[in-house]
1. So which residues in the range 117-159 are touching a Gly at 6+ places or on another chain (Cβ under 8 Å) and either of a type in the set (D, E) or open to solvent by less than 80 Å² (accessible area, probe 1.4 Å) (or both), if there are any at all?
2. Taking the range 88-104 on its own, how many of its residues are modelled with pLDDT of 90 or more and surrounded by fewer than 13 Cβ atoms within 10 Å (Cβ to Cβ)?
3. Within the set of pairs 6 or more residues apart or between chains, which connect a residue that is under 27 Å from K175 (Cα atoms) inside the range 116-136 to a residue that is outside any strand (DSSP E or B) and acidic (D, E) with Cβ atoms less than 6 Å apart?
4. Checking the structure you have, find out if any residue of the range 37-52 is open to solvent by 100 Å² or more (accessible area, probe 1.4 Å), out of contact with any Phe, Trp or Tyr (no Cβ under 7 Å at 6 or more places or on another chain) and modelled with pLDDT of 85 or more.
5. Among the residues of the range 160-175, which ones are open to solvent by less than 30 Å² (accessible area, probe 1.4 Å) and either acidic (D, E) or in a strand (DSSP E or B) (or both)?
6. Do you know which of the residues in the range 72-86 that are open to solvent by 40 Å² or more (accessible area, probe 1.4 Å) and at pLDDT below 90 is nearest to F130 (Cα to Cα)?
Amino acid sequence: MKKIFLIPATLFLIFLVQSCSAPKHTVTAPVAPRIIEKERIINKSFESIWQSTIELLATYNMPIKNLDKASGFISTEYKQITGVPSQYASCTGASSTFMGKVELTNHGGNLNVMLKRISDDSTKVTVNCFYSCMKNKYKYANILSTTYVLESTERIDCETTGLLERAILDYVSSK
């Protein structure tokens, strides 16, 4: 009989000690900053890199907004990201709660490419990508409804994942 009461008493004692002890602090490791390669020196002529960059943008239907060969500057603007937007841009804020939901839509952006002649057979290429999307907040139509109605919309900036920058640098390096 002592064994039967001993086990529950032991469990109660363990519970009591744990509940009265100081709260445990959770330590989370800091998030390492994302390292994005935006710049590369390529051992090819300025002319070759310029032509490869223009071909790449045309192939993927990225409208060229500004183009100045003398300064080596190319700027694009595109309305929607083709493929999976989360591969290219990290946009935060989508969620659902008991009050409604938030959706991120209409992902788009632009990029700038800067070419700088280092020597006759060496060119520095810099790629900067900028993304944004629409953040749509919805609420329930009424207390008993499961239907949402749009409450507000705003354009938000997103962070680049570095995938497009690396793809462009790899492409112009290999051509």
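1. Hits for the range 117-159 are C129, Y131, S132, C133, K135, K137, Y138, Y140, Y148, E151, I156, C158.
2. Total satisfying the criteria: 0.
3. Correct list of pairs: V127/E165; C129/E165.
4. Within the range 37-52, one or more residues are open to solvent by 100 Å² or more (accessible area, probe 1.4 Å), out of contact with any Phe, Trp or Tyr (no Cβ under 7 Å at 6 or more places or on another chain) and modelled with pLDDT of 85 or more.
5. Result: T160, E165.
6. E77
The values are calculated or read from the model by the stated rules, or taken from the named source; none is laboratory data. Since this is a predicted model, take the numbers as computed values, not measurements. Every residue, glycine as well, gets a Cβ built from its backbone with ideal geometry; the counts of neighbours run over all protein chains shown. These accessible areas exclude ligands, DNA and RNA; they are computed on the full protein's heavy atoms, side chains included. Shrake-Rupley method; radii C 1.70, N 1.55, O 1.52, S 1.80 Å.
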